[in-house]
Amino acid sequence: MVGFKATDVPPTATVKFLGAGTAACIADLITFPLDTAKVRLQIQGESQGPVRAAASAQYRGVLGTILTMVRTEGPRSLYNGLVAGLQRQMSFASVRIGLYDSVKQFYTKGSEHASIWSRLLAGSTTGALAVAVAQPTDVVKVRFQAQARAGGGRRYQSTVSAYKTIAREEGFGGLWKGTSPNIARNAIVNCAELVTYDLIKDTLLKANLMTDDLPCHFTSAFGAGFCTTVIASPVDVVKTRYMNSALGQYSSAGHCALTMLQKEGPRAFYKGFMPSFLRLGSWNVVMFVTYEQLKRALTAACTSQEAPF
């Protein structure tokens, strides 16, 4: 067995809640540059047609985007919006991941045999609920990642000033910009991510192909990351474009998607696919492996405190 051994005591909802938020923050710290590269690639060419955008593209590929940012803006630019990102994960992941098992049990009325529909419903519920809690942090994170430091044209100087500036210039609703596409995206992402992880892990364990340890968690997380990227990329691009747009640029998320389709073609919906996959794949691996170990460690700590002798 690798890492902390599994205990006979199931983790509580509080352990899952805290463990999910902490694990997500650790995963964000490691994979944040990939997420920033994804955002830059997704918004590139949004005001041009596909031919002009391709000809004048500043960023090309994941590594090219990262190297360009380091060269023109410095290494710290790769972590633009990290504070808001960690705020987002601590509130967002705690709800969508930490409460998933509890909501799934609610829909199955406590049954150990959850159907695919119960899992999907639980994933959609916690994904949508998480957006309701963490949307302002997501807006600020995207705005920071999208802004370039070169040329002195930065929109926001700090995380706190970003919250204040958005609320002052765009109203309180500006902090909740893109809520609809984000709810759609995260319902999809949560279903693809958590349900896929859940199903792959259950299949591996029931077929006795692996035991409940690190290799099983790694395999399940990697598969979840790939499936999530394929399914969620189009909604993710629209969400990023709409959140980062100037006031009045798009009348709605649907208008943003239609504009993208007309100006840049269908391939625009998969802009930044490779950094999305690299980021989601690595993020899922780090997050789920860390989450599983944190659950065991926290559960063992709580058990030892309750029964010291």
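Remark: relative contact order (the chain) = 29 percent; criterion is Cα-Cα distance under 8 angstrom and separation of 6 or more residues. For residue 251, the accessible area of its heavy atoms, probed at 1.4 Å with every protein chain present, is near 100 square angstrom.
Only protein heavy atoms count here; on that basis, with a 1.4 Å probe, residue 250 has an accessible area of about 20 Å². Accessible area per residue (1.4 Å probe, heavy atoms of protein chains only) ranks 222, 288 as 222, 288, with the largest value leading.
Could the peptides 204-210, 22-28 be put in order, highest first, of the mean number of other beta-carbon atoms found within 10 Å of their residues? The partial results should precede the final answer.
Details: 204-210: 12.0, 22-28: 22.3.
Packing order, densest peptide first, comes out as 22-28, 204-210.
Accessible area ranking (1.4 Å probe, heavy atoms, ligands and nucleic acids excluded), largest first, for 176, 117: 117, 176. Name the shape class, rounded, prolate or oblate, that the alpha-carbon gyration tensor gives for the stretch 167-309, where a ≥ b ≥ c are the square roots of its eigenvalues, rounded holds for a/c under 1.5, and otherwise prolate holds if a/b is larger than b/c and oblate otherwise. In terms of gyration-tensor shape, oblate.
Let me know the shape class of the stretch 97-239, please: from the alpha-carbon gyration tensor, a ≥ b ≥ c as square roots of the eigenvalues, rounded when a/c is under 1.5, otherwise prolate if a/b is greater than b/c, or oblate. Since a/c reaches 1.5 and a/b is larger than b/c, the shape of the stretch 97-239 is classed as prolate.
Across the protein chains, with a 1.4 Å probe defining accessible surface, the residues 241, 279, 155, 71 rank 71, 155, 279, 241 from largest area downward. Tell me the angle of helix 116-146 to the major Cα principal axis of the chain, expressed in degrees between 0 and 90 and rounded to the nearest ten. Taking Cα atoms only, the helix is inclined about 40 degrees.
Couplings 3J(HN,Hα) for the stretch 251-262, derived from phi with the Karplus relation 6.51 cos²θ - 1.76 cosθ + 1.60 (θ = phi - 60°), are 7, 6, 5, x, 5, 4, 5, 5, 4, 4, 5, 6 Hz, where x marks Gly and Pro. Converting phi to 3J(HN,Hα) with the Karplus coefficients 6.51, -1.76 and 1.60 and the offset θ = phi - 60°, the stretch 79-95 yields 10, 4, x, 4, 4, 5, x, 5, 4, 4, 5, 5, 8, 6, 5, 4, 7 Hz in sequence order, with x at every glycine or proline. Extending 7 Å from the Cα toward the beta-carbon at both residue 155 and residue 172 defines two label points whose distance is 2.2 nm. Summed over qualifying helices (DSSP H, 4 residues or more, each -39500 (n - 2.57)) and divided by its residue number, the chain shows a 222 nm mean residue ellipticity of -23500 deg cm²/dmol. Taking Cβ atoms as reference points and 11 Å as the exclusive limit, the residues near residue 128 contribute a net charge of +2, counting Lys and Arg as +1 and Asp and Glu as -1. Available extension along the chain between residue 267 and residue 164 is 33.5 nm, counting 0.36 nm per residue and deducting the alpha carbon span.
Please check which bits of the stretch 15-30 a label hung off residue 105 would reach, taking the label as a point 7 Å along Cα-to-C-beta and the cut-off as backbone N under 19 Å. Residues 15-21 fall inside that zone.
Could you work out how much longer the chain between residue 133 and residue 247 gets when fully extended? Use 0.36 nm per residue separation minus the Cα distance between them, nm to one decimal. If you can, show how the numbers build up before the last one.
Details: separation 114, 0.36 × 114 = 41.04 nm, distance 2.29 nm.
Difference between extended and current length: 38.8 nm.
The values are calculated or read from the model by the stated rules, or taken from the named source; none is laboratory data. Remember, it's a predicted structure, so these values are computed and weren't measured experimentally. Positions of Cβ are backbone-derived with ideal geometry, glycine not excepted, and every protein chain shown enters the neighbour counts. Remember, those area values only see protein heavy atoms, side chains included, never the ligands or the DNA or RNA. Shrake-Rupley method; radii C 1.70, N 1.55, O 1.52, S 1.80 Å.
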